[in-house]
Each structure stands twice: as C-alpha cells, then as structure tokens.
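Structure first, then comments.
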Amino acid sequence: MTSLAFALAYAGFLALALARPRHWAQFRTGRELGKGKAMILRLGGWALLAASLLPCLAVEAWGLGLVLWLGLLTAAALLLVFLLPYRPRLAGLLAGLLPPLGLLALVAG
Amino acid sequence: MKNGFRQSMAWLHTWSGLLAGWLLFAVFLTGTASYYRDEISLWMRPELQLAPVAPAGAAERGLARLRALSPLADEWLLDLPDSRQPILTVMARGDGKAAPRFLREYLDPASGLPIRARETYGGDFLYYFHFDLQTPNPWGRLVVGLAAMFMLVGIVSGVITHRRIFRDFFTFRSGRGQRSWLDAHNAMGVLALPYHLMITYSGLVTLMVLYMPWGIDAAYPEGRAAFNDALFGEPPPQQRSGRPADLAALEPLFAAAARHWQGDLPGRLIVTNPGDAEASILLRRGDEARLSYAAEVLVFQGASGRLLEAGAPAGAAEATRGVLYGLHLGRFADPLLRALFFLSGLAGSGMVATGLLLWVVKRRPDPGQGPAGFGHRLVERLNVGVLAGLPIAIAAHFWSNRLLPLELTPALGGRGEWEGGCFFLAWLAMLLHGFARPPAAGWREQLWLSAGLFALLPLLNALTTDRHLGNSLFRGDWALAGFDLVMLASGLLLALLARKAERIAAKRGANS
C-alpha cells in the first residue's frame with residue numbers, strides 16, 4: 001500500500017515538474033511544452049498527489065495517515081529533485097516503473 | 001527600517017541562522033540519530049541477548065528484585081520492556097533513612113537479575129545531548145530551547161524570503177557554486193517543510209513547562225507538585241498504615257489494562273507504599289500504539305487488586321500537547337515511518353549545514369580583493385570543525401564503546417562517562433584542527449577521516465565481538481544489522497562528500 005502511495009506521489013511530482021519549461025527542457029525531447037500540455041500535466045500531477053493520500057488512509061487512521069502521507073511526499077520529492085539534474089532519463093523512467101511495482105506489491109501483499 | 005518586508009526577513013533569516021546554526025546542526029543531527037536510540041543501545045551492549053518475555057511475569061520478577069533491594073521504599077517504579085528494547089528497568093525512591101533515596105538497576109526480564117553487559121549509556125548519550133547538551137538541568141535545555149526558537153524564526157523568515165518558492169520547487173542546479181548551495185538549501189528546507197515546522201514547534205512544546213512556566217505557576221500557587229500530580233495522573237501520596245500486606249498478583253491487572261486500552265500494554269508501573277495495606281499500583285499505558293503522549297493511567301488498590309480509578313480522559317489542552325509531544329518523539333512510528341522521519345531529520349541537518357556553507361561562499365571576497373575579514377575566516381573554519389567534526393565525534397563515541405576496556409578501575413570513574421568523554425574530546429580535536437588547517441585541507445581531511453571511521457566501524461565490531469554483520473543478518477537481528485549497515489552507508493555518503501569537497505577545492509584553485 002505504501003509503495004503504491006509513494007509511486008503515485010513520485011509520478012505526481014514529476015508531472016508537476018514537467019509542467020515547468022525549465023524542467024521539461026531537462027528531458028531534451030526536442031519538442032515544445034505547449035500551454036495545453038502544461039495544463040494537463042499540472043492537473044494530472046495534482047490529481048496523482050491527491051490520489052497518493054488514499055493508500056495512506058487505507059493503512060492508517062486519519063491522523064497517522066496524514067503523517068505517513070507527508071513523509072512519503074517528502075521522500076518522493078527529495079528523490080526527484082536530486083535525481084533530476086543528474087539522471088533525467090532515470091527520473092522519468094521511475095515514474096513509469098514505480099506505479100506498476102506499487103500495484104504489484106498491493107496485489108501480492 | 002527602510003528596507004522592504006522581504007529584505008528584512010532575509011536579514012533576519014541570515015542572522016538567526018548564523019547565530020544558532022552550529023548549535024542547531026548539532027541538535028538536529030543527534031536528534032535524528034535518536035530516532036534509533038534503542039537500537040544504538042542494543043549495539044552498544046553486544047553481550048546482551050535477551051529474549052522477549054510475557055510482560056506480567058517480567059513485572060513480577062522486577063517487583064521481587066525491588067523487594068529484595070528496598071522493601072521499605074516510598075515508591076517502586078518499573079519501566080517495562082517493549083518491542084524496541086528488551087531491558088526491564090527498576091527504580092526505588094526512599095526517604096534516605098529506612099530505604100535508600102534513589103536506586104536503579106537494569107534487569108533481564110526473564111531472570112529478574114541485573115544484566116551483564118559493558119557499562120554504557122548506549123543511545124541515551126546522544127539522546128540527552130540532543131536536548132540538554134549533557135549539561136546540568138536546566139542550562140542545556142534553556143540553550144537548546146533558545147536555539148529552537150531561533151530555528152522557528154529561521155523557518156518562517158526563510159519561507160517569506162524565498163520569493164519563487166513554487167516556481168523553484170523542483171530546482172536544483174548542480175555544479176554552479178553558490179547557486180547550487182542555495183538550491184540545495186532551499187530543496188532540503190522546502191521539500192521537508194511540514195516536518196521542519198512540526199519537529200521544531202513540537203520540540204519546544206515538549207519542554208514548554210520550562211520555557212513558559214508562568215501560567216502554570218499562577219494557576220497552581222501551592223506549588224508545582226500539585227500540577228504534576230494533576231498532569232501525570234498520579235494519586236496523591238497516602239501515608240503508610242503500618243499494616244503489612246502483600247501485593248496482589250499482576251496478571252489480572254494487566255488483563256484489565258488490556259481491556260481498557262484495546263489490547264495495548266502498560267509501559268510503566270508505579271507501586272506506592274509497597275508492602276503496606278495502603279499500597280497502590282499505577283499502570284501507565286505504553287507509548288508504542290498511540291500517537292498522543294498524554295498519560296493514560298489505571299490505579300489499583302495494591303493489596304486487593306481492585307480498580308480504584310481509570311484516569312480521566314485528557315482535556316483539550318493536554319490532548320493537544322500529548323499529540324505534539326508524541327509527534328516529536330515518534331515512538332508510535334512503525335519501521336517505515338521512522339525511516340521517513342530519519343530521512344527528514346537528515347534533510348533538516350543538511351538544510352542547516354548548507355545554509356552555513358552558503359553564508360561563507362556568498363561572502364567570499366573575489367580573488368583580487370585581498371583576504372577575507374575576521375568574521376568570514378572564523379565562520380569558515382568553525383564550519384569545518386562543526387559540520388565535519390560532529391560526525392567524527394559521533395563515530396569516535398561508537399569506536400570508544402568497542403575499544404574501551406570492559407571494566408574500568410573505579411578510580412577512573414564510570415565507563416559510560418568515558419565514552420561520552422571520547423565524544424567531546426574528538427569534537428574538540430576536530431574544532432582545533434579546523435582552526436589550524438587551511439579550510440580546503442580541513443574539509444578534505446575531516447571528511448575522509450569521518451568516512452573511514454564510519455565505514456570501518458562494522459569491521460571493528462567484527463573484530464571485537466561476535467555480533468558482527470554476518471551474524472546479525474543470518475539471525476535476522478535487524479537492530480544490530482541495521483546499525484552496521486547504516487554505518488556503512490554513512491561512510492559511503494561521507495566519502496562522496498569528501499570527493500566533492502576535493503573537486504570544489506580543485507576548481508577554486510584552478511580559477512584563482
């Protein structure tokens with residue numbers, strides 16, 4: 001459950017980061033970040049962050065669930081921010097890999 | 001002041017950070033280590049191999065030991081083992097005449113006899129240092145509290161000053177000198193901001209009775225003891241009747257406690273007037289299964305075991321304080337959440353450290369402009385001795401635990417004191433080294449030394465005891481295995497920092 005929450009938080013932060021031209025450029029796709037794409041990324045990012053709260057609440061009651069959620073948000077954000085300048089490809093790849101892994105852990109556990 | 005609001009906040013942020021920074025770094029780093037206080041204690045007592053025991057039986061053995069040591073005490077206290085630490089601690093308080101004024105023993109809960117392990121404070125040394133700097137009450141607590149207030153000012157002023165807090169949320173530009181230090185400082189501050197606010201404010205709340213006593217003193221003019229009794233739910237002391245009586249069996253009391261507390265266990269047991277007909281037994285709920293630290297107590301008649309009172313539920317103020325206190329200690333946290341707290345604590349330590357480093361880098365005079373002023377040189381060298389020196393002191397403390405003789409002659413004093421002495425001596429040596437050496441050399445030498453000390457600690461462990469990493473991994477002993485693994489990881493991290501320091505110095509050397 002918590003790995004799913006972490007994965008969703010990480011993906012959400014990446015989406016929010018990509019919505020900014022500076023970080024979009026770090027991926028060097030050659031393509032431009034249009035206004036529409038930025039809007040979708042921003043909405044999607046916030047939605048993923050909000051969604052990451054749900055597995056936390058499934059595991060713990062409200063008080064502890066919020067504490068756990070904030071801790072996971074911090075960990076996901078720290079990972080992304082310090083990975084992005086050094087390994088942007090890997091940072092992007094993780095956003096794709098982590099959610100399925102999180103779901104797998106959920107199903108297996 | 002003619003400056004704008006943001007500029008004033010920037011000035012405030014810089015000054016509060018600079019004045020309190022080194023102390024805050026020490027408090028943050030040792031506090032972060034204290035999340036694993038019990039595990040550190042286990043590592044520092046490698047002789048100890050205690051199996052978990054049923055709690056009521058352990059408590060009965062503790063009472064038997066106390067009966068043998070101090071039958072006429074006014075009060076017996078037992079701290080029961082829990083999932084993090086296996087030792088049964090027993091204490092007795094007496095009048096000094098019929099019974100000793102105070103005694104304490106650490107027992108094996110299975111046998112009820114004192115543990116046989118090297119004398120050490122374990123993780124308690126760093127834990128106490130974290131809030132009292134190992135000084136007599138209340139001086140250290142006052143200084144740390146003052147620093148924590150500076151920290152709150154620093155956090156709030158930092159957030160106000162950080163103009164592009166949302167735009168630069170994900171920004172970290174590496175290899176850009178001052179820019180990179182600022183980005184790192186911002187990242188570690190902002191990304192863990194809820195934690196930093198919580199830990200600083202809750203830290204002040206845990207000692208709020210010390211920092212703001214006047215309301216309590218006004219409400220309880222008869223004295224602080226009355227307030228403490230009301231807060232901790234302890235029954236007012238009754239006189240001994242003089243009629244001897246045995247204590248009731250504990251098993252039914254523990255069962256009653258489990259019914260009241262949804263299956264949770266007692267953490268502390270207090271027997272007042274033991275051995276007398278007017279004895280009472282107080283059970284205080286343990287802190288592992290709940291967030292709030294507010295006391296939950298059950299008081300039983302000592303001789304009969306009848307429930308006298310189930311402490312009233314906490315009022316709003318006490319409940320709020322309980323939650324904040326509980327959040328600060330984090331004892332409710334399972335391994336994952338505790339690791340997340342630890343990570344956030346490291347981020348906080350890094351935030352303070354990068355702030356101090358940024359101050360130096362920003363004010364470094366350009367190559368043609370002559371030498372730096374006294375203040376700049378002082379801060380730069382103090383940074384070395386504190387930021388690189390404190391980890392060395394911590395490592396030296398752990399090394400001393402393995403290297404000091406197991407038995408010290410009484411004339412030399414307590415072995416635990418000597419381990420603490422090694423911490424302070426090592427830190428003093430590093431502070432002096434930081435002043436003696438040019439900063440680039442100082443950073444390089446101290447960072448490599450600390451990397452070596454941490455990375456080699458598991459090896460030292462293997463050479464001096466049989467509780468080494470291979471052994472503890474094989475047996476699933478995660479406290480000791482985790483400690484050794486974290487030491488290795490810390491050594492690796494410090495080695496990376498040492499390499500970074502060398503590269504930065506080389507780049508500066510090439511530019512000047």
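The values are calculated or read from the model by the stated rules, or taken from the named source; none is laboratory data. Quick caveat: nothing in here was measured; it's all calculated off a predicted structure. Every residue, glycine as well, gets a Cβ built from its backbone with ideal geometry; the counts of neighbours run over all protein chains shown. Calculation scope for accessible area: heavy atoms of the full protein, side chains included, ligands and nucleic acids excluded. Shrake-Rupley method; radii C 1.70, N 1.55, O 1.52, S 1.80 Å.
Considering the range B:473-484, and only residues there that are of a type outside the set (A, V, I, L, M) and in a helix (DSSP H, G or I), the residue that is nearest to B:Q85 (Cα to Cα) turns out to be B:W478. Of the helices (runs of 4 or more DSSP H) lying entirely inside the range B:166-223, the ones with 2 or more residues being open to solvent by less than 40 Å² (accessible area, probe 1.4 Å) are found at B:178-190, B:193-206, B:208-211.
Taking each residue of the range B:189-201 that is facing chain A (nearest Cβ under 8 Å) and under 19 Å from A:G63 (Cα atoms) and looking for partners that are open to solvent by less than 10 Å² (accessible area, probe 1.4 Å) and of a type outside the set (A, V, I, L, M, F, W, C) with beta-carbon atoms closer than 6 Å, six or more apart or interchain, yields B:A192/A:T74; B:A192/B:S344; B:Y195/B:S344. Looking across the range B:469-481, the residues that are under 15 Å from B:D38 (Cα atoms) and either crowded, with 19+ Cβ neighbours inside 10 Å or aliphatic (A, V, I, L, M) (or both) come down to B:A479, B:L480, B:A481. Can B:A319 be described as under 27 Å from the mean Cα position of the chain (by Cα), in contact (Cβ under 8 Å) with a residue 24 or more places away in the chain and closer than 30 Å to B:L247 by Cβ? Judged against the criteria, B:A319 is not a match. The single condition from (1) more than 12 Å from chain B (Cβ to nearest Cβ); (2) open to solvent by less than 30 Å² (accessible area, probe 1.4 Å); (3) touching a helix residue (DSSP H, G or I) at 6+ places or on another chain (Cβ under 7 Å) that A:L48 fails is (2).
Counting residues in the range B:343-359 that are at pLDDT 95 or above, surrounded by 17 or more Cβ atoms within 10 Å (Cβ to Cβ) and of a type in the set (V, I, T) gives one or more. Within the range B:341-386, the residues that satisfy the criterion of being of a type in the set (F, W, Y) and away from chain A (no Cβ under 14 Å) are B:W359, B:F374.
For the range A:68-101, a residue qualifies if it is within 30 Å of B:A289 (Cα to Cα) and crowded, with 22+ Cβ neighbours inside 10 Å, and the qualifying residues are A:L68, A:W69, A:G71, A:L72, A:L73, A:T74, A:A76, A:A77.
Quickly run through the range B:15-52 and pick out the residues that are out of contact with any helix residue (DSSP H, G or I) (no Cβ under 7 Å at 6 or more places or on another chain) and under 25 Å from B:H376 (Cβ atoms). Once the filter is applied, which keeps residues that are out of contact with any helix residue (DSSP H, G or I) (no Cβ under 7 Å at 6 or more places or on another chain) and under 25 Å from B:H376 (Cβ atoms), the range B:15-52 yields only B:W15. In this structure, B:T206 does not satisfy being within 14 Å of chain A (Cβ to nearest Cβ), touching a Lys or Arg at 6+ places or on another chain (Cβ under 9 Å) and hydroxyl-bearing (S, T, Y).
In the range A:9-28, the residues that are within 12 Å of chain B (Cβ to nearest Cβ) and over 13 Å from A:V81 (Cα atoms) reach residues that are assigned to a helix (DSSP H, G or I) and of a type in the set (K, R) with C-beta atoms within less than 6 angstrom, at least six apart or across chains, in these pairs: A:A19/A:R42. Applying the criterion of being of a type in the set (A, V, I, L, M, F, W, C) and touching a strand residue (DSSP E or B) at 6+ places or on another chain (Cβ under 8 Å) to the residues of the range B:291-305, the residue that is nearest to the other protein chains (Cβ to nearest Cβ) is B:A295.
Scanning the range B:142-164 for residues that are under 19 Å from B:M198 (Cα atoms) and either open to solvent by 40 Å² or more (accessible area, probe 1.4 Å) or within 14 Å of chain A (Cβ to nearest Cβ) (or both) yields a total of 8. Residues that are outside any loop (DSSP other than H, G, I, E, B), of a type in the set (S, T, N, Q) and open to solvent by 60 Å² or more (accessible area, probe 1.4 Å) occur in the range B:1-12; there is at least one.
Here B:W22 clears all of (1) within 18 Å of B:S157 (Cβ to Cβ); (2) open to solvent by 40 Å² or more (accessible area, probe 1.4 Å); (3) at pLDDT 95 or above except the condition numbered (1).
Under the condition of being surrounded by 14 or more Cβ atoms within 10 Å (Cβ to Cβ), within 25 Å of the chain's Cα centre (by Cα) and of a type outside the set (D, E, K, R), the residues counted in the range B:97-113 number 4. Considering only the range B:371-383, I want to know if a residue exists there that is open to solvent by less than 20 Å² (accessible area, probe 1.4 Å), under 14 Å from B:I199 (Cα atoms) and of a type outside the set (D, E, K, R). Among the residues of the range B:371-383, not one is open to solvent by less than 20 Å² (accessible area, probe 1.4 Å), under 14 Å from B:I199 (Cα atoms) and of a type outside the set (D, E, K, R), which makes the answer no.
When residues in the range B:394-443 are screened for being basic (K, R) and open to solvent by less than 20 Å² (accessible area, probe 1.4 Å), 2 of them pass.
Table: residues versus (1) touching a Phe, Trp or Tyr at 6+ places or on another chain (Cβ under 7 Å); (2) of a type in the set (A, V, I, L, M, F, W, C); (3) within 14 Å of chain A (Cβ to nearest Cβ).
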{"residue": "B:E318", "(1), (2), (3)": "no, no, no"}
{"residue": "B:R321", "(1), (2), (3)": "no, no, no"}
{"residue": "B:L337", "(1), (2), (3)": "no, yes, yes"}
{"residue": "B:A395", "(1), (2), (3)": "yes, yes, no"}
